[in-house]
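Since the structure comes first, as structure tokens, the remarks are kept for the end.
The values are calculated or read from the model by the stated rules, or taken from the named source; none is laboratory data. Model, not experiment: these values are computed from the prediction. Quick reminder, even Gly has a Cβ in these numbers, built from the backbone with ideal geometry, and neighbours come from all protein chains shown. The protein model used for the area step is the full one, side chains on, heavy atoms only, and it has no ligands, DNA or RNA in it. Shrake-Rupley method; radii C 1.70, N 1.55, O 1.52, S 1.80 Å.
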Amino acid sequence: MSNTEQAPEALRCTPPPGAAAGVEVLEPREVPLGGPRALLVRRTIPQRARTLIGAWCFADHYGPVAVPATGGMDVAPHPHTGLQTVSWLFSGEIEHRDSLGTHALIRPGEMNLMTGGRGIAHSEVSTPDTTVVHGVQLWVALPEADRHADRDFQHHVPGPVRIDGAELRVFLGSLAGSASPVRTFTPLLGAQIDLDPHATITLDVDAGYEHGVLVDAGEVRLDGTALRRAELGYAAPGTAALTLVNDADAPARLILLGGPPFEEEIVMWWNFIARTHDEIVEARDEWEAATDRFGAVEGYPGDRLPAPPLPNAVIMPRRNPLPPKRTDDRASEPVVRRVDAELLYEIAIDGARAGLTAYRDRGDQRIFYHTEVDSSFARKGLAATLVEQALLDARAAGKRIVPVCPYVARFVKRHPEFADATDQVSPQVLHWLEVELG
Ligand code: MN
């Protein structure tokens with residue numbers, strides 16, 4: 001599946017710290033897949049709050065939707081680098097063609113894993129008999145040592161495994177005694193779980209993994225946290241068991257993802273994963289020039305997808321929020337500093353970034369649009385300290401404060417000493433910011 005999103009970053013301001021630890025709920029945003037009757041997908045990663053779960057770096061959930069309404073799926077040949085795609089359907093049938101020469105049908109309960117290390121191209125079209133499309137499209141980031149791997153395609157049909165309260169289909173990794181033979185470049189877990197009505201199950205998992213639960217149907221509780229349909233619940237490493245509860249009279253269905261935290265910074269743009277902006281530019285140029293890096297897809301009736309224009313700004317690397325850190329009485333005082341190269345202020349504890357407030361300068365205005373503090377730093381008042389120091393610095397530099405971020409807006413409201421240095425958020429500012437952030 002191709003990422004046809006034109007404006008890859010939504011404005012999102014995370015709430016101030018103090019939110020309960022435990023399962024983090026990642027809400028989906030709707031992204032049209034393109035075409036005249038665009039299929040809407042619900043994307044949960046990547047988003048600002050989280051880029052990866054293990055090496056899983058992209059999760060789109062779509063349908064169930066009737067094909068006459070959307071025209072189904074028709075994604076013309078497009079390239080990939082530095083990743084594997086995992087296609088998993090709940091209903092419908094999709095015809096896959098790639099530049100390795102693969103021509104395969106993707107069916108419910110059958111996993112197709114395509115490797116596009118150095119470069120591959122593929123097309124995906126729902127078959128004429130398909131009346132409903134419904135499934136997930138997942139990407140896996142390849143680690144440094146393997147990210148230029150050769151093209152590959154693997155197919156696996158996991159046998160359903162019955163446990164008390166649920167049926168499991170383990171397509172990657174192992175769970176509840178069921179193991180997938182499919183090779184991956186980093187340890188991964190991927191499984192469909194169908195929970196019976198009023199079922200509670202506890203699954204033993206690798207405590208070194210982080211996990212994500214994407215709800216396809218129904219509503220479940222993951223370790224006590226309610227997850228609605230299309231939401232992704234994130235559980236940090238350190239737990240050896242996950243408990244899933246379905247309180248409803250109907251079954252619930254979910255996808256469980258997992259893997260050890262992926263520590264590398266990645267640069268994602270369109271359908272490419274790389275490590276630097278320049279690598280993205282090179283991959284885009286080669287796709288546009290139709291070099292043999294990506295090869296040709298035979299049998300697709302139509303043109304290839306052109307790459308969208310590159311953004312004006314340098315594409316910044318993404319990585320996850322800081323891993324959980326133990327803080328205790330001996331931890332030193334937090335330090336706030338302005339990081340000009342990244343257009344943000346950071347708050348650091350013992351040299352590690354614990355939070356940031358990001359800004360853009362528009363003339364004499366400093367527009368604060370996003371604040372986040374890593375909640376794993378169990379210390380009160382980090383966001384307030386960060387924002388207070390940032391506002392003092394902006395004011396001292398002769399800047400007008402524009403509080404687009406709701407957290408900064410609340411802070412300014414509670415601290416009237418900044419009122420004289422604050423400008424209202426205007427539609428012009430919001431429009432300018434949207435363009436600026438591309
Ligand atoms: Mn694709």
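Put simply, of VAL140, VAL157, VAL161 the only residue that is over 19 Å from CYS57 (Cα atoms), open to solvent by less than 60 Å² (accessible area, probe 1.4 Å) and among the β-branched types (Val, Ile, Thr) is VAL161. For the residues VAL429, VAL412, the requirement of being closer than 27 Å to ILE315 by Cα, open to solvent by less than 70 Å² (accessible area, probe 1.4 Å) and β-branched (Val, Ile, Thr) singles out VAL429. If you go through region 390-408 and keep only what is surrounded by fewer than 17 Cβ atoms within 10 Å (Cβ to Cβ) and of a type in the set (Gly, Ala, Ser), you end up with ALA396, ALA397, GLY398. The set of residues in region 166-202 being over 30 Å from SER99 (Cβ atoms) and crowded, with 18+ Cβ neighbours inside 10 Å consists of ALA166, LEU168, LEU175, ILE193, ASP194, LEU195, ALA199, ILE201.
Within region 82-98, which residues are in contact with a Leu (Cβ under 9 Å, 6 or more places away or on another chain), more than 14 Å from PHE185 (Cβ to Cβ) and polar (S, T, N, Q)?
Across region 82-98, the qualifying residue is only SER87.
Check region 263-273 and report whether any residue there is under 13 Å from ALA121 (Cβ atoms), outside the structural domain of VAL140 (by TED's automatic domain parsing) and of a type in the set (S, T, N, Q). Checked region 263-273: at least one residue is under 13 Å from ALA121 (Cβ atoms), outside the structural domain of VAL140 (by TED's automatic domain parsing) and of a type in the set (S, T, N, Q).
In summary, PRO128 fulfils each of the numbered conditions (1) under 23 Å from MET268 (Cβ atoms); (2) surrounded by fewer than 18 Cβ atoms within 10 Å (Cβ to Cβ) with the single exception of condition (1). Count of region 187-224 residues, restricted to those that are out of contact with any Phe, Trp or Tyr (no Cβ under 9 Å at 6 or more places or on another chain) and either assigned to a loop (DSSP other than H, G, I, E, B) or at pLDDT below 95 (or both), is 13. Taken as a whole, region 48-70 holds no residue that is away from the ligand (no atom under 13 Å from the Cβ), of a type outside the set (Ser, Thr, Tyr) and under 22 Å from ARG304 (Cα atoms).
The set of residues from region 76-119 being more than 19 Å from TRP56 (Cα to Cα) and near the ligand (Cβ under 10 Å from one of its atoms) comprises PRO77, HIS78, HIS96, ASP98.
Of the residues screened, ILE255 is not one that is closer than 24 Å to THR186 by Cβ, out of contact with any helix residue (DSSP H, G or I) (no Cβ under 6 Å at 6 or more places or on another chain), within 16 Å of the ligand (Cβ to nearest atom) and part of a strand (DSSP E or B). Screening ASP285, ASP223, ASP247 for residues that are of a type in the set (Asp, Glu) and more than 27 Å from ILE53 (Cβ to Cβ) leaves exactly one candidate, ASP285.
If you check THR127, THR115, THR131 for being without any contact (Cβ under 8 Å) to a residue 40 or more places away in the chain, β-branched (Val, Ile, Thr) and within 25 Å of VAL67 (Cα to Cα), only one passes: THR127.
Checked against the criterion of being in contact (Cβ under 8 Å) with a residue 40 or more places away in the chain, crowded, with 24+ Cβ neighbours inside 10 Å and in contact with a Lys or Arg (Cβ under 8 Å, 6 or more places away or on another chain), region 96-104 contains one or more residues that satisfy it. In the set (1) open to solvent by 50 Å² or more (accessible area, probe 1.4 Å); (2) away from the ligand (no atom under 16 Å from the Cβ), the condition left unmet by ALA296 is number (2).
Being part of a strand (DSSP E or B), of a type in the set (Val, Ile, Thr) and away from the ligand (no atom under 16 Å from the Cβ) is the filter here; which residues of region 120-134 pass it?
VAL132
Given the structure, is ARG169 modelled with pLDDT under 95 and of a type in the set (Lys, Arg)? I'd like the intermediate steps shown before the answer.
Working: modelled with pLDDT under 95: no; of a type in the set (Lys, Arg): yes.
Spelling it out, it is not the case that ARG169 is modelled with pLDDT under 95 and of a type in the set (Lys, Arg).
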